[in-house]
Amino acid sequence: MSMPSMVDSDAVVIGAGPVGLFQVFQLGLLGLKAHLIDVLPAVGGQCVALYPDKPIYDVPGVPLCTGRELAQLLLAQARPFLPLDPVSGGCDQIHLGQLVSQIEAEADGRFVVETDRGLRLRARAVFVAAGAGAFVPRTLNLPALDGAVNVHYHLDDATVASLSGQHVVISGGGDEALGAVLALAALPADRRPHAVTLLHRRDQFQAEQELDAQVRSLLASQQVSLVVGMPTDAVVQDGRVTALSVLGPDSVARDVPLDHLLVRQGMSPKLGPLSQWGLSLERKQVSVSAATFESSTPGIYAVGDINTYPGKKRLLLCGFHEATLAAHAAAAALNPEAPQHLLYTTTSPLLHQRLGVHQGH
């Protein structure tokens, strides 16, 4: 079996949340190319996965934005260093839906970063911007569901397309589940599921009041059905779930037929393989130098909520500060012969060139 081909880069950034995106931007300003990896199917990290539409008030210069809006602003800012392919429309430096499984140091000081999907990147520096860990969906803990092709955990475009004309059961009672119900109900008739059933352990939701009211309205008009109970087993045929066995409040188990199961029960941060990378950890956080944000392994840096140091504050704006200093520390370590002049985006022709800014603008 041949090994996957290796891709060389100056840096690999693990985590495509706000701090990871800003890390790519800061590295790009310093002339360092970075690849970006995240286990989630979209950029934005926990801002998009956990509170995409909730307001954020403490980003400097941005009085108010949502998590989704912030992620898009940061992606647009980093776009000069994450260019889009004119043919595919994608970016070959962004790798989503992939979990970093291992990091190995080579004799020349570079690192080989490998994911669970076989991607292999070789970089001179690694930046861990993984928030509280890799955010993975909470599951129903039913072994029968493992590997079923019609069980979904994210409501991305491909999933939405597969649900057209189908009976969809959505499991959950929080913002993620109720938001999915509203998103599917708002689709044009030719793209909408034939039927949507919301499955929750009780007839009370843990969601924003407005979301709750909107879903209650859909239930009252019978556009959406509600099944109350706990799933205890699944019927699987030819790799597809065809029904869930649900234990109701009356202690009677009933089968709920379905074409697709969408599990929206929130996300849970897990250190996962990170705990095996040989980094010094303190209470499940990576210990770093407050001057360079380098970990106990030279060449591996940690920024954002994943790190710890004396005086650490788990605030988004602190993560931006850490990413800036980490980028400068890495640039100095990787290019010790180069002069370490501090350049400013307002006046530097070199930075304008890297940003693709035309002179006079």
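The values are calculated or read from the model by the stated rules, or taken from the named source; none is laboratory data. Small disclaimer: the values here were computed from a predicted structure and weren't measured. When we count neighbours, we look across all protein chains shown, and the Cβ atoms used for this are built from the backbone with ideal geometry, even at glycine.
It is to be established whether one or more residues within the range 27-38 are touching an Asp or Glu at 6+ places or on another chain (Cβ under 6 Å) and in a loop (DSSP other than H, G, I, E, B).
yes
In this structure, is L119 farther than 16 Å from Y301 by Cα, crowded, with 18+ Cβ neighbours inside 10 Å and of a type in the set (A, V, I, L, M, F, W, C)?
Yes.
When you go through L50, L21, L36 one by one, which is the residue that is of a type outside the set (D, E), under 15 Å from the mean Cα position of the chain (by Cα) and modelled with pLDDT under 90?
From the options L50, L21, L36, the qualifying one is L50.
Any residue at all in the range 336-344 that's in a helix (DSSP H, G or I), within 24 Å of Y301 (Cα to Cα) and small (G, A, S)?
No, the range 336-344 contains no residue that is in a helix (DSSP H, G or I), within 24 Å of Y301 (Cα to Cα) and small (G, A, S).
Of a type outside the set (D, E, K, R), without any contact (Cβ under 8 Å) to a residue 40 or more places away in the chain and out of contact with any helix residue (DSSP H, G or I) (no Cβ under 6 Å at 6 or more places or on another chain): which single residue out of P137, P83 fits that description?
Of P137, P83, the one residue that is of a type outside the set (D, E, K, R), without any contact (Cβ under 8 Å) to a residue 40 or more places away in the chain and out of contact with any helix residue (DSSP H, G or I) (no Cβ under 6 Å at 6 or more places or on another chain) is P83.
If I ask for residues that are crowded, with 19+ Cβ neighbours inside 10 Å, without any contact (Cβ under 8 Å) to a residue 60 or more places away in the chain and not in a loop (DSSP other than H, G, I, E, B), which ones from the range 192-204 would you list?
Within the range 192-204, V196, L198, L199, H200 qualify.
Scan the range 205-221 and report the pairs whose first residue is under 13 Å from L182 (Cα atoms) and free of Cβ contacts under 8 Å to residues at least 40 places away in the same chain and whose second residue is surrounded by fewer than 19 Cβ atoms within 10 Å (Cβ to Cβ) and among the hydroxyl-bearing types (S, T, Y), with Cβ atoms within less than 8 Å and a gap of 6+ or a chain change.
L219/S225
Looking only at strands (runs of 3 or more DSSP E) that fall completely inside the range 221-312, which ones have 1 or more residues that are more than 30 Å from R201 (Cα to Cα)?
The strands (runs of 3 or more DSSP E) meeting that bar are 285-287, 300-302.
Looking at this structure, is A189 among the hydrophobic types (A, V, I, L, M, F, W, C), surrounded by fewer than 18 Cβ atoms within 10 Å (Cβ to Cβ) and not in a helix (DSSP H, G or I)?
Answer is yes for this residue.
Name every residue in the range 242-287 that is β-branched (V, I, T) and in contact (Cβ under 8 Å) with a residue 60 or more places away in the chain, in order of residue number.
Answer for the range 242-287, where residues must be β-branched (V, I, T) and in contact (Cβ under 8 Å) with a residue 60 or more places away in the chain: V256, V263, V286.
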